[in-house]
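Chemist: Got a structure for you, written out below as structure tokens; questions coming shortly.
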Amino acid sequence: MRDDFEEEDDRDELSELLDRFEKMMEEQVEYFFDAEDFEDIIDYYLEQHDSPRAQAAIEAAQHQYPYNSIFELKKAQLLASTNQEEKALKILSRLERIFPNNFEIHYTRSFIYSKLSQHKLAIKELKKALKLTDNPYEILVTLAFEHEKIWEYEEAIRQLEKALEYDSTEETIINELASFYDMAENLDKGVSYFQKFVEKNPYNVPGWFNLGILYNKLSLYEKSIEAFDFAIAIDPEYSPAYFNKGNAYASASMYEKAIETYRESLQHEAPDANAYCCIGECYQKLQNYDDALFYFKLATKLDTETYYAWYGIACIHYLQGNLKPALVYVQKALHYFEEFERIKYLEGDIFMALGKYDKAIDTYNRVAANIPKNHDIWFDLASAFDAINDSASAISVLKEGCSYHHNENIDLLYYCIEYIIEHDSVAHALPYIKIAYPLQPSIIEILFMKFPMLKNNKEYLSFLNSLFDKGDNSISEKDDSSPSIN
């Protein structure tokens, strides 16, 4: 309570200073202010990005205190904030010669270098500032963000961990640290850190919350839910924990529990379109399409630009076979977020179902260009070409898809092989059979069952002999039996 009263007194005192200064400016007379008062006035205007008043305050301060170098530093900070970096750097260089151990000089210079995207130089200045201060928290945080800007996530993590040793209560920094672990693709290390963090700070709600987030990303849903429950037990009004607990249930396919938890989150925060979309999606997974539509529509009433809600409505209509309304809603979703590939993909599926194959091909092509590692798009694009009897294009598409997936998706390889055999030749399928065989040796038997004519195909039998010519399983061109693969 004492701290609250002190903060309120400080705000009242600053307000009085500002009123007095602005009255002085208005009346164009000179009032006397302590140097520290001028510092507070200038800092306030700098924080508010009120450059004209900051400039006036600096000039008044320098008039009353012509030999106080702090106001030269404030002038440099003002110049830096108004895109006059070169002038600011000259002032800082002059001040550094006089005051080499002033950490604010280096801190201000780091701000300028960061603005100029010279992040390595900004980091160098921050490290100098760090050695000259007894209160390193803010510098450590700034240093972390400079490393993050040049994708040095491990170093950014190290700096934020050090910052949290000085202040473990700042929620924004705790959340940023968890996101850095995610960007560094080091979720296990993040879990380990936050486990220790909550052991040292057992009542830290953001700590438990982010531990739950990291568990969820690792698909450890039970542990994730438990961590969110700890956060809720400490602070029952902490709404993000309810919502993300709902996400964990949904990820674990526990859709009824997810719906219940999402609804609970809405009791602790204002109505939220995103939460309504999540509830709608859970009902969709449960094939309860009426309730799904209700919540997706509720989201659009709350925010007409919620693209995911329009996408959800389109999905429901598509699943129910209502293709024309589905197309209307999917295009409405694209209007609000054209770059969301799942919406484009659904549009392609609707065009296919409507028999508009040229439009489906165009849409699928755009999806494939943006997410080539989605193996399903190559199946669908090939199917669209097949529907217009363009087997050459279908084969070309399947080959392109295999170039992205040949080491990881045997289904795509097999479909490519089967399609080439059916629509082109065994000879052209052989390179893909050779790729598939080490991944799934049984493909030899599968192909014999699917295509009995292979037993009499010279090229295929020659290929098999090349596989087994060192063993006892050599295949004769006249042999009618399929090879035994052990």
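Chemist: Across the range 31-53, what is the number of residues that are under 19 Å from Q64 (Cα atoms) and exposed (fewer than 15 other Cβ atoms within 10 Å of the Cβ)?
Modeler: Here the count works out to 6.
Chemist: If I go through the range 286-311 residue by residue, how many of them are assigned to a helix (DSSP H, G or I) and farther than 18 Å from A353 by Cβ?
Modeler: 17
Chemist: In addition: Checking the structure you have, find out if any residue of the range 259-277 is among the basic types (K, R) and buried (at least 20 other Cβ atoms within 10 Å of the Cβ).
Modeler: Checked the range 259-277: no residue is among the basic types (K, R) and buried (at least 20 other Cβ atoms within 10 Å of the Cβ).
Chemist: Of everything in the range 218-234, what is among the aliphatic types (A, V, I, L, M) and more than 14 Å from G207 (Cβ to Cβ)? Give them in sequence order.
Modeler: Residues satisfying the conditions are L218, L220, I225.
Chemist: Restricting to the range 250-269, name every residue that is farther than 20 Å from F194 by Cβ, assigned to a helix (DSSP H, G or I) and out of contact with any Ser or Thr (no Cβ under 6 Å at 6 or more places or on another chain).
Modeler: Across the range 250-269, the qualifying residues are A250, Y255, E256, K257, A258, I259, E260, T261, Y262, R263, E264.
Chemist: Could you give every pair whose Cβ atoms fall below 7 Å, whose first residue belongs to the range 302-326 and is surrounded by fewer than 23 Cβ atoms within 10 Å (Cβ to Cβ), and whose second residue is at pLDDT below 95 and outside any helix (DSSP H, G or I), counting only separations of at least 6 or pairs across chains?
Modeler: L302/P271; Y307/F337; Y307/F340
Chemist: Checking K90 against (1) more than 25 Å from A184 (Cα to Cα); (2) part of a loop (DSSP other than H, G, I, E, B); (3) not hydroxyl-bearing (S, T, Y), which single condition isn't satisfied?
Modeler: (2)
Chemist: K297 fails exactly one of the following numbered conditions: (1) closer than 23 Å to E256 by Cα; (2) of a type outside the set (A, V, I, L, M); (3) within 25 Å of the chain's Cα centre (by Cα). What is the number of that condition?
Modeler: K297 satisfies every listed condition except (3).
Chemist: Which pairs turn up if I take residues in the range 72-94 that are charged (D, E, K, R) and look for partners that are part of a loop (DSSP other than H, G, I, E, B) and modelled with pLDDT of 90 or more with beta carbon separation below 7 Å, at least 6 apart in sequence or on another chain?
Modeler: Partner pairs satisfying both residue conditions: E85/L116.
Chemist: Cβ-Cβ below 7 Å, separation at least six or inter-chain, first residue in the range 151-173 and within 11 Å of V141 (Cα to Cα), second aliphatic (A, V, I, L, M) and not in a helix (DSSP H, G or I): which pairs?
Modeler: I157/A184
Chemist: I112: farther than 21 Å from F180 by Cβ, among the hydrophobic types (A, V, I, L, M, F, W, C) and exposed (fewer than 14 other Cβ atoms within 10 Å of the Cβ), yes or no?
Modeler: Spelling it out, it is not the case that I112 is farther than 21 Å from F180 by Cβ, among the hydrophobic types (A, V, I, L, M, F, W, C) and exposed (fewer than 14 other Cβ atoms within 10 Å of the Cβ).
Chemist: Can I ask one more? Collect the residues in the range 277-295 that are under 20 Å from E305 (Cβ atoms) and among the aromatic types (F, W, Y), keeping them in residue-number order.
Modeler: F294, Y295
Chemist: Among the residues of the range 400-449, which ones are outside any helix (DSSP H, G or I) and either under 26 Å from N389 (Cα atoms) or of a type in the set (V, I, T) (or both)?
Modeler: H406, N409, D424, S425
Chemist: Moving to a separate point now. Just the residues that are under 19 Å from D134 (Cα atoms), surrounded by fewer than 16 Cβ atoms within 10 Å (Cβ to Cβ) and in contact with a helix residue (DSSP H, G or I) (Cβ under 7 Å, 6 or more places away or on another chain), please, taken from the range 162-184.
Modeler: Y166, D167
Chemist: Only one residue in S251, S239 is surrounded by fewer than 18 Cβ atoms within 10 Å (Cβ to Cβ), among the hydroxyl-bearing types (S, T, Y) and touching a helix residue (DSSP H, G or I) at 6+ places or on another chain (Cβ under 7 Å). Which one?
Modeler: Being surrounded by fewer than 18 Cβ atoms within 10 Å (Cβ to Cβ), among the hydroxyl-bearing types (S, T, Y) and touching a helix residue (DSSP H, G or I) at 6+ places or on another chain (Cβ under 7 Å) holds for just one of S251, S239, which is S251.
The values are calculated or read from the model by the stated rules, or taken from the named source; none is laboratory data. Worth saying up front: this structure is predicted, and the values here are computed from it rather than measured. Using ideal geometry, Cβ is built from the backbone for each residue, glycine included, and neighbour counts are taken over all protein chains shown.
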